[in-house]
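Encoded as structure tokens, the structure appears first; notes follow it.
The values are calculated or read from the model by the stated rules, or taken from the named source; none is laboratory data. What you see is a predicted model, and the numbers here were worked out from it, not measured in a lab. A quick note on method: Cβ atoms are made from the backbone with ideal geometry, for glycine too, and the neighbour counts reach across all protein chains shown. Areas reflect the complete protein model, heavy atoms only, side chains present, ligands, DNA and RNA absent. Shrake-Rupley method; radii C 1.70, N 1.55, O 1.52, S 1.80 Å.
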Amino acid sequence: LLSVRRIKTAHQPLRVVLDRRLRTGPERQVCAPGEQRTLIVTTLESRSKAGNMGFAANVEVVGIGDGGPQWLGRVAAELLNRGICSVFCEPGSTLAGALIRAGLIDRLDVMVGAKLVGKGRGLLSDIGVETIGAAMGVRLDVPRLIGGDVWLSGTLQHADKTALRDPNADATTP
């Protein structure tokens with residue numbers, strides 16, 4: 001769980017959980033006592049609840065801002081202040097879209113399974129791109145076959161930021 005597996009290593013990376021409402025409690029596996037450290041990043045308001053939640057000593061809860069549009073940038077700045085300049089992120093579609101929209105993703109690694117399951121969740125939520133002309137390209141590396149799945153890896157080629165629409169903006173604002 002959010003750790004290096006199947007490779008011998010003396011160092012496990014810091015696990016970082018982004019949870020604006022602090023729904024991740026001490027009973028979760030990611031918060032289990034042990035040697036691997038976990039940083040839960042939440043809002044200042046939610047952080048005030050953490051003092052009496054009973055997290056293990058290896059779990060730190062940090063409150064940053066109010067969770068508004070600048071929150072992810074402030075989280076990135078906090079990680080950088082801690083000396084963390086590279087992050088491997090396993091987000092859902094909402095967080096993935098928000099990270100791309102904020103310009104905080106520079107590389108994508110996507111596993112495509114050889115299974116059809118019908119209607120499911122999309123890869124990304126709204127990233128603010130409305131036209132093909134504003135679309136972000138991905139400079140793909142050589143795809144790799146792993147078992148029956150395909151691993152696509154590449155670098156984002158960010159579009160002109162002025163072409164991106166803020167999906168949270170008021171539609172009447174010019």
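Computed from label points 7 Å out along Cα-Cβ, the spacing between LYS49 and GLU130 is 3.6 nm. Exposed loop positions in the chain were taken to be GluC sites (Glu not before Pro) whose DSSP state is not H, G, I, E or B and which have at most 14 other beta-carbon atoms within 10 angstrom. Between these positions, the longest stretch is 36-129.
Carbon-plus-sulfur accessible fraction, the chain (probe radius 1.4 Å, protein heavy atoms only): 54%. Given their separation in residues at 0.36 nm each and the Cα-Cα distance between them, GLN157 and GLU60 gain 31.5 nm when the chain is fully extended.
Couplings for the stretch 79-87, taken from phi via the Karplus curve 6.51 cos²θ - 1.76 cosθ + 1.60 with θ = phi - 60°, read 5, 4, 4, 8, x, 9, 10, 9, 10 Hz in order; Gly and Pro are left as x.
Apply 1/(1 + (r/R0)^6) to the Cβ-Cβ distance of ARG121 and PHE88, taking R0 = 22 Å, and write down the FRET efficiency to the nearest 0.05. Here the calculated transfer efficiency is 0.60. Report the Cα centroid-to-centroid distance between the stretch 127-148 and the stretch 1-70 in angstrom, as an integer. If we compute the Cα centre of each part, the gap is 30 Å. In percent, how large is the relative contact order of the chain, given Cα pairs closer than 8 Å and 6 or more residues apart? Relative CO of the chain lands at 15 percent. The trypsin sites (Lys or Arg not before Pro) of the stretch 41-97 meeting both criteria, a DSSP state outside H, G, I, E and B (loop) and at most 15 other C-beta atoms within 10 angstrom of the site's C-beta, are ARG82.
Amide hydrogen proximity for THR43: with H placed 1.01 Å from N in the peptide plane, the residues at 5 or more positions away or on another chain lying under 5 Å are LEU22, ILE64.
Residues in the stretch 1-152 average 70 Å² of solvent-accessible surface per residue, probe 1.4 Å, ligands and nucleic acids excluded. Quick one: net charge of THR24's neighbours, Cβ under 14 Å, K/R +1, D/E -1? Summing Lys/Arg as +1 and Asp/Glu as -1 gives +4.
Remark on the stretch 88-132: Rg and Dmax equal 11.9, 31 Å (Cα only). Candidate values [x] 53; [y] 56; [z] 63 were compared with percent of Cα pairs over 22 Å apart computed on the shown model; the agreeing label is [y]. 3J(HN,Hα) along the stretch 15-24: 8, 10, 10, 8, 8, 4, 9, 6, 8, 7 Hz, from the Karplus curve 6.51 cos²θ - 1.76 cosθ + 1.60 with θ = phi - 60°, whole Hz, x for Gly and Pro. Evaluated at q = 0.12, 0.13, 0.15, 0.27 Å⁻¹, the base-10 log of the normalised Debye intensity for the stretch 15-86, with identical point scatterers placed on the Cα atoms, takes the values -0.30, -0.35, -0.47, -1.28. In order along the stretch 89-101, phi translates into HN-Hα couplings of 10, 10, x, x, 5, 5, 5, 4, x, 5, 5, 5, 4 Hz, rounded to whole numbers, per the Karplus curve 6.51 cos²θ - 1.76 cosθ + 1.60 with θ = phi - 60° and x for Gly and Pro.
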